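Asker: Quick one: the structure is below, and I'll ask about it shortly.
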Amino acid sequence: MAEVESATKIRAKYLRALESEEWELLPGPTFVKTFLRTYAEYLELDARLLVEEYKQRFERPAGMDITPLNLRQQRRRRRVAPRLGPGIVVVLGVLAVLGALYALGRSGDDPGSETPTRVETPAPSPQGAGDGDRDRRRERRRARPLRVRIAATGEVYVCMEDSRGRAIVDRQTLQAGETTRTFRGRRFRVTFGTAAARMRVNGRSYRVAESQDPVGYELRSGKRPRRISSGLANCA
């Protein structure tokens, strides 16, 4: 079992749960399918057939979990929607009438008593000077390499690729408090099985978005982490 754990990067307790079909001991359906596929490839079995059989026998339809969540969001939006009562409408109408009367009174004053207002136009700055500074700052940010580290706030599955598509965090399950080493480069792509992690990018911390499915991010120099599809070639 230790040899299989080292070769597949799957913890021994999860391997035993797979063999005994104790699905409740695994983090979730996404992990089950990923672990099944990896373990089957190690045993030289048909990974696709095993995953399809698991879906048919044990996985619930996806719509059963999505519909209640959408209904809760709709009810929450209806509760916080502003409501204008009849009293507010009357007050707004009175204020509009008073404003119109004040404008009519101002228009009836003697035009000669008003002092013309001088409008000063600011001196134009050298053309393109501001744009050139912004472009130079933007180029400096893009040229600076990224420093990326992943910190787990709970049990989380992590897979990370560099700009060449190489898996530098190869399907690891981190426990709360564990961190990866610091990686340096121009671009990274990372997949999280859950939201129990934080990304430390060039000294700034970013939370992983809550989701029922795996969450993917693209990290580029000079830009904030951008959420993408979670499918990575070396993390399937």
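Asker: Six or more apart or on different chains, Cβ atoms under 8 Å: show the pairs whose first residue is in segment 3-20 and in contact (Cβ under 8 Å) with a residue 24 or more places away in the chain and whose second is of a type in the set (Asp, Glu).
Answerer: So the pair list comes out as LYS9/ASP170; ARG11/GLU5; LEU15/GLU5.
Asker: Report whether or not ALA209 is surrounded by fewer than 16 Cβ atoms within 10 Å (Cβ to Cβ), within 14 Å of the chain's Cα centre (by Cα) and either at pLDDT 85 or above or part of a loop (DSSP other than H, G, I, E, B) (or both).
Answerer: Details: surrounded by fewer than 16 Cβ atoms within 10 Å (Cβ to Cβ): yes; within 14 Å of the chain's Cα centre (by Cα): yes; either at pLDDT 85 or above or part of a loop (DSSP other than H, G, I, E, B) (or both): yes.
So ALA209 passes the test.
Asker: When you go through ARG184, ARG166 one by one, which is the residue that is at negative phi, charged (D, E, K, R), in contact with a Leu (Cβ under 7 Å, 6 or more places away or on another chain) and modelled with pLDDT of 90 or more? Show your work before the answer.
Answerer: On the way: ARG166 fails: in contact with a Leu (Cβ under 7 Å, 6 or more places away or on another chain).
Answer to the check: ARG184.
Asker: Moving on to the next point. So, of the residues in segment 11-32 that are surrounded by 17 or more Cβ atoms within 10 Å (Cβ to Cβ) and of a type in the set (Phe, Trp, Tyr), which turns out to be modelled with the lowest pLDDT?
Answerer: This residue is PHE31.
Asker: From the residues in segment 33-46 that are part of a helix (DSSP H, G or I) and not hydrophobic (A, V, I, L, M, F, W, C), which one is surrounded by the fewest Cβ atoms within 10 Å (Cβ to Cβ)? Spell out how you get there, then give the answer.
Answerer: Start the filter on segment 33-46 by keeping residues that are part of a helix (DSSP H, G or I), which leaves 33-42.
From the residues that got through so far, the ones that are not hydrophobic (A, V, I, L, M, F, W, C) too are 33-34, 37-39, 41-42.
Numbers: LYS33: 18, THR34: 23, ARG37: 17, THR38: 19, TYR39: 20, GLU41: 13, TYR42: 15.
Per the stated criteria, the residue is GLU41.
Asker: Which of (1) farther than 29 Å from ARG138 by Cα; (2) part of a strand (DSSP E or B) does GLY177 not meet, given it meets every other one?
Answerer: Looking at each condition in turn, GLY177 falls short on (2).
Asker: Here is a follow-up. On the basis of being over 18 Å from THR153 (Cβ atoms) and out of contact with any strand residue (DSSP E or B) (no Cβ under 7 Å at 6 or more places or on another chain), does GLY203 make the cut?
Answerer: Details: over 18 Å from THR153 (Cβ atoms): yes; out of contact with any strand residue (DSSP E or B) (no Cβ under 7 Å at 6 or more places or on another chain): yes.
Answer is yes for this residue.
The values are calculated or read from the model by the stated rules, or taken from the named source; none is laboratory data. This structure is a prediction, so every number in the text was calculated from the model and none was measured. Every residue, glycine among them, receives a Cβ derived from its backbone with ideal geometry; neighbour counts consider all protein chains shown.
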